[in-house]
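Here the structure is laid out as structure tokens; the discussion comes afterwards.
The values are calculated or read from the model by the stated rules, or taken from the named source; none is laboratory data. This is a predicted model, so every value here is computed, not measured. Neighbour counts are summed over all protein chains in view; Cβ atoms, including those assigned to glycine, are modelled from backbone coordinates with ideal geometry. Ligands, DNA and RNA are stripped out before the accessible areas are found, and what is left, the full protein with its side chains, is counted by its heavy atoms. Shrake-Rupley method; radii C 1.70, N 1.55, O 1.52, S 1.80 Å.
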Amino acid sequence: MFSMLIIVSTGVVLAFWFVDTQGALLGTPYGLLVCAKLVLLAAVLAIANHARLRLLPAMETLANARDFYPLAVRWIKLELVLAAIILGVGSALSQITPALHAQPYWWLPLRLSYEATWPEPPTPVVVTLSVAMALAAVIMLGLFR
């Protein structure tokens, strides 16, 4: 867990260093590869968590191990393939121009900016109420669980 924390934190630092705006993140090949790498890493971590929480406890007895062995092998193969793809994406990232030095091409039909809508009268109230309701829901889940 500690090594994965170091890997993820150094990757985030490098991403912030080489990708300075949302246009660079979503409008350059480097930024899109960073996004793809994050999605793949999230999938690998989800599979590893599933294996640790579901498959390992189920395989404690020998009878259950025979039943779960093919399923565990499939999950591990999928995790290995995704990890190999992450290595390929990382290799591609090392060979292309960083987003900081590339001209972004905005391909989305919308603009992601809170500054464009924040001065409108209902926006601050809606956002504040939404955050307050989300915090209240998290607190209630924590208290009544």
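Residues are listed down the side, and each one gets a yes or a no for (1) modelled with pLDDT under 90; (2) not polar (S, T, N, Q):
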site: Leu14; (1), (2): yes, yes
site: Lys37; (1), (2): no, yes
site: Arg54; (1), (2): yes, yes
site: Asn64; (1), (2): yes, no
site: Pro70; (1), (2): yes, yes
Worksheet item: Quick one: is Ala58 more than 20 Å from Phe18 (Cβ to Cβ) and either more than 21 Å from the chain's Cα centre (by Cα) or open to solvent by less than 60 Å² (accessible area, probe 1.4 Å) (or both)?
Response: yes
Worksheet item: Among the residues of region 20-40 satisfying the criterion of being of a type in the set (Gly, Ala, Ser) and touching a residue at least 60 places away in the same chain (Cβ under 8 Å), which is farthest from Gly88 (Cα to Cα)?
Response: Gly23
Practice prompt. Counting only residues that are in contact with an Asp or Glu (Cβ under 9 Å, 6 or more places away or on another chain), within 30 Å of Tyr114 (Cα to Cα) and of a type outside the set (Phe, Trp, Tyr), give me the helices (runs of 4 or more DSSP H) lying completely in region 1-100 with at least 1 of them.
Written response: 29-50
Discussion item. So Phe144 ticks every box in (1) open to solvent by less than 100 Å² (accessible area, probe 1.4 Å); (2) more than 22 Å from Ala24 (Cβ to Cβ) but one. Which box is left unticked?
Written reply: (1)
Worksheet entry | Residue check, Leu53 hydrophobic (A, V, I, L, M, F, W, C) and either open to solvent by less than 80 Å² (accessible area, probe 1.4 Å) or in contact with a helix residue (DSSP H, G or I) (Cβ under 8 Å, 6 or more places away or on another chain) (or both) | no
Item to complete: Can you give me the number of residues within region 9-50 that are in contact with a Leu (Cβ under 8 Å, 6 or more places away or on another chain), open to solvent by 50 Å² or more (accessible area, probe 1.4 Å) and under 14 Å from Ala83 (Cβ atoms)?
Response: 1
